[in-house]
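Laboratory data are not the source of any read-out in this text; all were calculated from the coordinates shown. None of the values given here were measured: they were computed from a predicted structure. Using ideal geometry, Cβ is built from the backbone for each residue, glycine included, and neighbour counts are taken over all protein chains shown.
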Amino acid sequence: MRSKRPISRIGLALLLGVMLPWTVHAQSDSVQSRGDVSGQWRTYFMSTLNQGDLKDFAALATGGKLKYVHRWGTHLEAAAAFYTAVNLGISDPTATDPATGRPSRYEAGLFNMQDLSQREVALLGEAYLTLRYNRHALTLGRMKLVSPLFNPQDGRMIPTLLQGLWYAQRPDKALDLGAGVFTKVAPRGTDRFYGIGESIGVYPAGRNLTGAPSDYPMHTRSKFLAIGHAHWKPMPHGEVHVWDYWADNVFHTVYLEPAYTVTLGEHAWQLAGQWVHQDRVGEGGNADPVRRYFASRTADVFGVQLQVKGTTTVRLGYNRITGAGQFLFPREWGREGLYTFQKRERSEGNANADALVLTLDRTWKGQAGSLQGIVSAGHHWRASVTEAAANKYAQPSYTHLNLDLFYTPAALRRLQTELLLTYKIGQGDIPENPAFVLNKVDMGLINLIVNYTF
């Protein structure tokens with residue numbers, strides 16, 4: 001357990017005390033120097049409503065981010081961002097369900113997963129230097145990276161961040177390139193940066209291929225994570241995204257996404273595909289099979305999505321994880337960018353699985369402000385919960401319903417509220433054991449978030 005950090009009180013006071021944007025300007029003889037302060041204050045209420053006598057959970061957190069960026073001309077930039085989250089104490093995050101002995105699943109993500117008794121979390125999450133020249137940019141330090149598999153996954157209080165070197169180049173209008181090497185990760189909600197291998201297993205680890213509890217946390221050996229990216233748009237209607245993730249001694253993952261878009265009348269039609277291919281690298285994290293993270297030799301995920309953009313955007317997506325092996329990407333590193341991803345559940349850890357999701361997205365604007373509504377309905381077919389080799393987290397098949405509402409008042413455009421309602425219905429043959437139901441299926445989830453950005 002890590003000790004509480006009183007510095008977070010100072011950070012919270014500083015964050016809540018700076019609610020208006022301000023800038024600092026200085027002029028020298030040769031280079032204009034400019035500093036900008038920005039940030040966000042966030043308050044988050046979350047509640048899980050479980051089936052019958054199983055325990056319900058709730059949590060309330062507040063905090064946010066304060067960031068300073070200083071630029072010297074157009075070529076040099078330095079930045080630092082401080083993140084904080086405070087448990088306002090409406091319930092005990094360490095409380096467990098009497099029938100299963102298990103704690104909350106979703107609410108725990110608002111706080112430090114390594115020490116749920118820690119009331120305040122503080123982190124210097126960004127501290128980087130960026131050098132730009134023509135179409136080149138080089139960033140060194142702590143930063144955010146948005147990609148299909150490694151991303152901030154900032155649906156809680158403190159996002160996932162990483163430390164290392166990132167280089168980006170745009171040779172021409174049709175091509176974007178990026179590559180980086182990273183040695184540390186701060187998983188979402190935690191209070192420090194971990195080594196690459198150490199970061200794998202900060203979140204619950206599920207079962208190994210034999211059904212025993214996974215023993216890879218703190219036993220995964222990996223020194224670095226290398227990431228590469230290319231976005232190529234060879235024609236007006238066609239484009240391709242390629243991402244490459246190489247986790248030293250653990251796995252190699254390639255993400256390929258081609259897409260073709262045409263406009264017919266008032267609608268833009270897009271057909272896109274996904275292929276995620278994974279291979280074990282070295283020991284898969286550890287030479288001991290009991291402590292190995294990436295136990296399968298290989299894994300493949302295929303997907304296709306039809307999207308129609310108009311007054312209402314409609315998306316129909318399908319993904320298939322083959323039976324070759326478990327699709328694995330550390331939950332500590334981001335949420336998966338699959339076409340069938342729905343907030344509050346994942347496909348990671350599964351093999352021989354299918355999913356189909358329909359999403360409707362529309363925005364209404366009026367004198368009172370703007371309202372965006374996103375409705376998604378999906379069905380997710382999983383292997384039996386007793387098949388550990390194909391179902392790492394013992395997640396039953398389920399139907400998933402989400403309603404996500406975002407409201408921004410016209411009089412206060414820096415303020416946005418979000419209401420996310422989730423319900424998951426268990427399907428198939430579920431053993432008479434509450435451990436397969438608690439926080440997984442036949443449950444509802446309420447999320448109410450208030451963001452003020454400055």
Overall form of the range 79-158 per C-alpha gyration tensor (a/c, 1.5; a/b vs b/c) = prolate
With a Förster distance of 51 angstrom and the Cβ-Cβ distance between L76 and L271, calculated FRET efficiency to the nearest 0.05 equals 0.75
Compute the distribution of all C-alpha to C-alpha distances in the range 115-247, in bins of 10 Å from 0, and list the percent of pairs in each, rounded to whole numbers.
-> 11, 34, 32, 16, 6, 0
Tally Lys/Arg at +1 and Asp/Glu at -1 over every other residue whose Cβ is under 10 Å from the Cβ of P103; what's the total?
-> 0
Net dipole in debye of the range 247-353 [+1 Lys, Arg Cβ; -1 Asp, Glu Cβ; about Cα centre; nearest 20] | 280 debye
Whole-percent tail of the Cα-Cα distance distribution for the chain, cut at 29 Å, equals 52 percent
Mind checking the dipole of the chain: about its Cα centre, +1 per Lys or Arg Cβ, -1 per Asp or Glu Cβ, Debye to the nearest 20?
-> 940 debye
Extension length gain for D279 and R192 (0.36 nm per residue less Cα distance), in nm, is 28.4 nm
Can you run phi through the Karplus equation (6.51, -1.76, 1.60; θ = phi - 60°) for the range 339-352 and list ³J(HN,Hα) in whole Hz, with x for Gly and Pro?
-> 5, 9, 5, 10, 3, 5, 6, 9, 9, 4, x, 10, 9, 6
Taking the alpha-carbon centre of each part, the distance from the range 272-327 to the range 171-186 in Å is 21 Å
Taking the highest mean first, how do the peptides 106-114, 372-380 order by number of other beta carbon atoms within 10 angstrom per residue?
-> 106-114, 372-380
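What is the local net charge at T313, summed over the other residues whose Cβ is closer than 11 Å to its Cβ (Lys, Arg +1; Asp, Glu -1)?
Local net charge: +2.
Step through the table entries K67/K223; K65/K144; K184/K440, compare each Cα-Cα distance with 21 Å, and write down the pairs that go over it.
Details: K67/K223 29 Å; K65/K144 13 Å; K184/K440 31 Å.
Violating the 21 Å Cα-Cα cut-off are K67/K223; K184/K440.
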Rank by packing, highest mean first: peptides 400-411, 154-165, with packing defined as the count of other Cβ atoms within 10 Å averaged across residues.
-> 154-165, 400-411
Spacing of the two label points (7 Å from each Cα toward its C-beta) at V262 and I446, in nm = 4.8 nm
Return the inverse of the average 1/r over all pairs of distinct C-alpha atoms in the range 262-352, which is the Kirkwood hydrodynamic radius, in Å to one decimal.
-> 15.1 Å
Go ahead and run the numbers for FRET between L131 and E432, Cβ-Cβ distance against an R0 of 60 Å, rounding to 0.05.
-> 0.50
The chain: relative contact order in percent, alpha carbon pairs under 8 Å with at least 6 residues between = 12 percent
Integer Hz, Karplus 6.51/-1.76/1.60 couplings in order for the range 320-329, x for Gly and Pro = 10, 9, 6, x, 5, x, 5, 6, 10, 8
